[in-house]
Amino acid sequence: MATPGPVITRAAEGTAEHPRNGGAVLLERKNGSLLLFRMMAYSSELQLVAGDDAPHDIVRTESYDGGDTWKNQQMVIARKPGETATYSPTFCLLANGKLMFRYERLHHFVKDEPWRLSSYAVFSEDECETFSDPVTIIDNSPHLVGSQGDIRQLSTGRIIIPACYMEGDALQDDGEGLAPTNTSKAGTIYSDDDGQTWHVCDEFIYLPMRGSMEPKIEELKDGRLLMVMRTQLGSVFQSFSEDGGASWSDAQTTGLQSPESCPGLIRIPQTGDLMLIWNDSPYDPKFDHYGIRSPLAVAISKDEGRSWLPSKIIEHNPEWEFTNPTAIVTRGGILMILYEASKYQSLVPPGALGRTRMHLHLARVHIDWLYE
């Protein structure tokens, strides 16, 4: 009998008061319940009220029915006076038993202006009920930003955060309605003392146009690191590190078609295989962000990223964008993918993102479906 396909629900609804819910991550607690952290936007005077530069705070909700319903919303990290947003909740269970939670404060994130941000780590020994005092990862930087949804602790004990070195003003306009033109170089920030001090990699990955963006990392079985990244070049690109993320090879295409959109990368605990999440759709140099961000798809690699099985569709609607995926696999073998969903304002080239309401979707499917 075939395994049922993905069940898709809304974990948070975009509303007039809170037009965007995203940048989300999931934790499966020891009792089997789920804890969800997300960025929650507030109504603003911006043209794209659910845009990246909207005011956000980080909140949490929990589910005791496998993700069917969410309740008990609480504030986790609120903006300070004068700040644009708190951003990018991310966590990792460390070998020492502590859970490391990372977040950013966007001190100034305004379109076509220089940005400034700081990043912090806090630690919990009670599944995020309480946290330690924050440790500074990035301090008031105009360039260095962490990537959403990813922290990994390597077999060596090193904790590694994918990061980007950003040049140019925030979301600066290209004048053609295609995409911003601030440029990005992908790299890493890492710690060798359980997150108490942090170091920036020796070199970043250069690619043309807007560069290498929103990197995601997994450790390979031979000890190397694989990084996948968003580009404006028509596919998901990849790079490798042989020194724990301090330096990286020149990026090359995976051969997987993609518009300019964020990928996700995880290892499936039950099988040991890699899984990639991305928009498996054609490159279109005349369309907003170089193609439609639909469908959202997944593919499995049984050979450590050298090749990928044919993609399987999580959600597809060419009138909508599906973006910024993160994922976990539960102890029971359920793949859970969180991603943002919003209807395009226009599909007539060059098109236009909607970004008036961005909902947080949750797709759930047993991992057996991935292999059928």
Read-out semi-axes √(5λ) of the Cα gyration tensor in Å, derived from the coordinates shown; its label in (1) 37, 27, 20; (2) 26, 24, 23; (3) 32, 26, 19: (2)
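What's the exposure ranking of S281, S124, going from fewest to most Cβ atoms within 10 Å?
Placing the least packed residue first, the sequence is S124, S281.
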Residue order, fewest to most surrounding Cβ atoms within 10 angstrom, among W278, W115: W115, W278
C-alpha center-to-center spacing [region 1-26, region 239-291] in angstrom: 22 Å
Charge sum, other residues only, whose C-beta stays under 14 Å from D243's C-beta, Lys/Arg counted +1 and Asp/Glu -1: -4
Order of F287, F101, F131 under a 10 Å beta carbon neighbour criterion, fewest first: F131, F287, F101
Inter-centroid distance (Cα atoms) of region 160-206 relative to region 61-131, Å: 19 Å
Label-point gap, in nm, between L93 and Y64 - each point 7 angstrom along Cα→Cβ: 2.1 nm
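What net charge do the residues around F123 carry, taking every other residue with its C-beta under 10 Å from that of F123, with Lys and Arg at +1 and Asp and Glu at -1?
-2
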Those residues of region 192-209 whose amide nitrogen sits under 18 Å from the label point placed on E242, 7 Å along Cα→Cβ: 202-205
Rel. contact order, % - alpha carbon contacts under 8 angstrom, at least six apart, region 20-371: 11 percent
Linear extension gain, T9 paired with E372, 0.36 nm per residue minus alpha-carbon span: 128.4 nm
Proximal aspartates and glutamates relative to K30, as straight alpha-carbon distance under 17 Å, when same-chain residues fewer than 8 apart are discounted: E62, D65, E125, D126, E127, E129
Length gained when the stretch D139-Q345 is fully extended (0.36 nm per residue, less Cα-Cα span): 70.5 nm
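Every number in this text was worked out from the coordinates using simple rules, so none of it is lab data. The structure presented is a predicted model; accordingly, all values stated were derived computationally and were not measured. Using ideal geometry, Cβ is built from the backbone for each residue, glycine included, and neighbour counts are taken over all protein chains shown.
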